[in-house]
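Asks: Sharing a structure, written as structure tokens. Questions coming.
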Amino acid sequence: MDFGGDGDVAFEVRGHAGIISLTRPDALNAINHKMVRAMDAALDAWQSDDRVTHIILKGEGRAFSAGGDLLELYRMSKSGRPHYDFFRDEYLLNARLGVYPKPVVPMIDGIIMGGGVGVAVHGPYRVMTENAVFAMPEVGIGFFPDVGGSHFLSRLPGHFGLFLALTGTRIRAGDALASGIATHALPAEGLDALEDDLCKSPDTASVLDRHDNREALPAAKLDHKEIGRLFSGRSVIEVVEELGRSAPDSEFAAKTLAAIGRNSPTSMSVAFRQLLEGVSLSLADCMRMEYRILVRMLQGHEFIEGIRAVIVDKTNDPTWNPARLEDVSADAVDAYFAHLNDDELTGFSEVQ
């Protein structure tokens, strides 16, 4: 079964399941434009296919998907030809997955970041194993937590989404379950049996509940109550101030403060604002907002500098401009959220 993708993504219908396999293990299944278009074509076909009652989404190798193809985006941005079309189609796919009429079941058995998060989190289910590593590390490369981050991160309890957005912290299945990012969990050795049963049965919820074995995985490691207190500020500066007050008595606060200090002040300020606004917006409206931010990010300094330092040169020495949180003006942040007039993101196939 071929919907395109040039071998980077594979498709199969087996029993009751449409199966999408991300097949770029050497690139940690980083999502490119061909894969986005192919997945969208499969969803088109399977929406009216009576054989398919649910979609299984999985990745080959040690990653579910580590994000987008950052080197490709970096090269295009440096050339003066930012890849707006990729993000436009990716964001439309993210929004579609949030309202797709057939349940999508991501089987997350490895790294999931950035663009991989965008294709996994907007449906009703997320299955994780002990190998799952979840993060939204965008502010560390001068970007922002996109692919619907303003929608799903803003709805996590106890300011946990803001914590993830501002720090880029990597979490495992226990903390993903505790925060609601994961809905089910089981040891990796049970994934094949889960997939077989999803192919045999049309009852998605019953199959997932029967295979759920979260007790076999390590519990949450983070203190979610402490995170809720530390990240309750009304601005990034207030969060940093609370971390500073708590750091002498809290190793966690001290490490978190150090982590935030390495990130782009502009990106963190934008991320704070997008989550603040996103909590009251539909997924479609969040994607429209994020596309506005995206266009400005690709035209600016922070993203290219972050990719250079972290991905290209691997020196981890980005020069952010401005370099201090207090120098990021309200007007500068506002500019990221301004309407794009005729270039607004449109074309949503569902009312959201």
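Asks: How many residues are part of a helix (DSSP H, G or I) and in contact with a Pro (Cβ under 6 Å, 6 or more places away or on another chain) if we restrict to segment 106-152?
Replies: Qualifying residue count, segment 106-152: 1.
Asks: Could you tell me whether segment 47-63 includes any residue that is within 23 Å of residue 346 (Cα to Cα), in a helix (DSSP H, G or I) and of a type outside the set (Lys, Arg)?
Replies: For segment 47-63, residues within 23 Å of residue 346 (Cα to Cα), in a helix (DSSP H, G or I) and of a type outside the set (Lys, Arg): present.
Asks: I've got another one for you. Residue 197 - would you say it is modelled with pLDDT of 95 or more, surrounded by fewer than 18 Cβ atoms within 10 Å (Cβ to Cβ) and assigned to a helix (DSSP H, G or I)?
Replies: For residue 197, the condition - modelled with pLDDT of 95 or more, surrounded by fewer than 18 Cβ atoms within 10 Å (Cβ to Cβ) and assigned to a helix (DSSP H, G or I) - is not met.
Asks: Shifting gears a bit: Please enumerate the residues belonging to segment 313-348 that are of a type outside the set (D, E, K, R), assigned to a helix (DSSP H, G or I) and free of Cβ contacts under 8 Å to residues at least 60 places away in the same chain.
Replies: Within segment 313-348, 330, 335, 341 qualify.
Asks: For segment 2-23, which positions are crowded, with 22+ Cβ neighbours inside 10 Å and modelled with pLDDT under 95?
Replies: Scanning segment 2-23 gives a single hit, 5.
Asks: For segment 200-239, what are the residues that are free of Cβ contacts under 8 Å to residues at least 24 places away in the same chain, within 29 Å of residue 255 (Cβ to Cβ) and surrounded by 13 or more Cβ atoms within 10 Å (Cβ to Cβ)?
Replies: Across segment 200-239, the qualifying residues are 229, 233, 238.
Asks: What residue, among those in segment 276-312 that are hydroxyl-bearing (Ser, Thr, Tyr) and in a loop (DSSP other than H, G, I, E, B), is surrounded by the most Cβ atoms within 10 Å (Cβ to Cβ)?
Replies: By that ranking, first place goes to 282.
Asks: So if I check each of 243, 208, 230, which one is in contact with a strand residue (DSSP E or B) (Cβ under 9 Å, 6 or more places away or on another chain) and modelled with pLDDT of 95 or more?
Replies: Every option except 208 fails the conditions.
Asks: Kindly indicate the residue of segment 146-164 that is within 17 Å of residue 226 (Cβ to Cβ) and out of contact with any strand residue (DSSP E or B) (no Cβ under 8 Å at 6 or more places or on another chain) and also surrounded by the fewest Cβ atoms within 10 Å (Cβ to Cβ) among those meeting that condition.
Replies: Among residues in segment 146-164 that are within 17 Å of residue 226 (Cβ to Cβ) and out of contact with any strand residue (DSSP E or B) (no Cβ under 8 Å at 6 or more places or on another chain), the one surrounded by the fewest Cβ atoms within 10 Å (Cβ to Cβ) is 157.
Asks: Look at residue 292 and say whether it is modelled with pLDDT under 95 and within 22 Å of the chain's Cα centre (by Cα).
Replies: No: the conditions fail for residue 292.
Asks: Separate question: Mind listing whichever residues of segment 1-21 are of a type in the set (Asp, Glu) and on the phi < 0 side of the Ramachandran plot?
Replies: Of everything in segment 1-21, those that are of a type in the set (Asp, Glu) and on the phi < 0 side of the Ramachandran plot turn out to be 2, 8, 12.
The values are calculated or read from the model by the stated rules, or taken from the named source; none is laboratory data. Note that this is a predicted model, so its numbers are computed, not measured. So basically every Cβ, Gly included, is an ideal-geometry build from the backbone, and we count neighbours across all protein chains shown.
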